[in-house]
1. Using the Cα centre of the chain as the reference point, and only Cβ charges (+1 on K/R, -1 on D/E), how large is the resulting charge dipole? Debye, rounded to the nearest 20.
2. Put +1 on the Cβ of each Lys and Arg and -1 on the Cβ of each Asp and Glu in the chain; which of 163, 174, 21 then has its Cα farthest toward the positive end of the dipole?
3. Jot down the per residue volume, in cubic angstrom and as a whole number, of the convex hull over the alpha-carbon atoms of the range 187-330.
4. Report, to the nearest 10°, how far helix 301-313 tilts away from the longest principal axis of the Cα atoms in the chain, using its own Cα long axis and a range of 0 to 90°.
5. Quick check on the exposure proxy: order 153, 115 from fewest to most C-beta atoms within 10 angstrom.
6. At a 10 angstrom cut-off on C-beta neighbours, averaged per residue, how do the peptides 3-15, 227-239 rank from highest to lowest?
7. From the residues 282, 191, 204, which one has its Cα farthest along the dipole of the range 187-330 in the positive direction, the dipole being from +1 and -1 charges on Cβ of Lys/Arg and Asp/Glu about the Cα centre?
8. With a ≥ b ≥ c taken as the square roots of the eigenvalues of the C-alpha gyration tensor of the range 143-224, please select rounded if a/c is under 1.5 and otherwise prolate if a/b is larger than b/c or oblate if it is not?
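Bear in mind these aren't lab numbers, they're just calculated from the coordinates by the rules spelled out. Here the structure is a predicted model, which means the values were calculated and not measured. Every residue, glycine among them, receives a Cβ derived from its backbone with ideal geometry; neighbour counts consider all protein chains shown.
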Amino acid sequence: MWFLPDDAQREFARSLNALLTAADTPAVSRAWAAGDTGPGRRLWTRLADLGVFALAVPEAYEGVGPLPVELALAFTELGRHAMPGPVVETVAAAAFLDRLGDGTGTAAGDWLPGIASGKTVASFCVVTGGNPYALDAADADAVLVVDGDTVRIAESTGPVQPSADPARRLARPLGGTVLARGPRVTAAAAHAADVAALATAAQALGLGRALLAHTVEHVRQRTQFGVVIGSFQAVKHRLADTLIGLEFAEPLLYAAALGLAAGDAADIPAAKVSACEAAYAAARTALQLHGALGYTDELDLSLWMRKARALRSAWGSPADCRARVLEGARA
């Protein structure tokens, strides 16, 4: 499958990159990790103004989607800048409500326009998969919890659980009102999980490219024995391996996005495992080549490295994704 973004898509990605660069996302991420969500919510609104969340919302609810390819482009930029918050979970919630349709009564009409406009931050979790925690549930305006064939809106959350990424605050949703039951809930949840996996893969790809760029810049400046370490053959090989992993993951991501646009989610597990493993490898390379600096919290690089570890297991562990790929190959 051959894919190249068109001019409008490239301009959209450049606009997002410019916005996030000017917003100083490392500072936003550190504030979010410390419990100050104000800067993150303001940036969230600006992203919504560019149409990021509307990409997952159908036109009937004031969105422009669903547009999986544009969503992949947008989340690549969000990953490149380590945007905090439940961005993936919000678009997953939108995909869930859209697919469920009138099974939730007025819920879709109540929340989808708000998601598109950025006024509603949502979290979403599927307990059936063995993950009872929702991301940033305490700070979300709506928390959708799917348990088997039942979906409910959580009323409260338990204590925050530690994460490899301090900006990812996980909590167990408690109580809540049942919105819908039945096989439609299960099917909508499976679709939403696919959208979440695709967005996570895109985040990981952007994150991995940022890690590689930071590391290349560092090895061009750091010296040992009177020469820059970037001239060492071992360093060049490590960076080349990292680049190859990211380059191989990118076409898989866009193939998965194109497939989802056509109603086929079969390529998403391969895209998820490839992008997340490539980003994790980029994080390990960055850690090693930055030396002792790589272990410090003060260095902004740590924001990307920790997120790479967390995204690796979010919305499908490597083992789960590989198992789905094998199941598809046998079918």
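1. Charge dipole, the chain, about its Cα centre: 960 debye, nearest 20.
2. Going by the Cα projections, it comes out as 163.
3. Details: hull volume 15.4 nm³, N = 144.
It is 107 Å³ per residue.
4. Helix 301-313 sits at roughly 50 degrees to that axis.
5. Values: 153 17, 115 27.
Exposure proxy ranking, most exposed first: 153, 115.
6. Working: 3-15: 12.4, 227-239: 13.9.
Order by mean packing, descending: 227-239, 3-15.
7. Of the options given, the answer is 282.
8. In terms of gyration-tensor shape, oblate.
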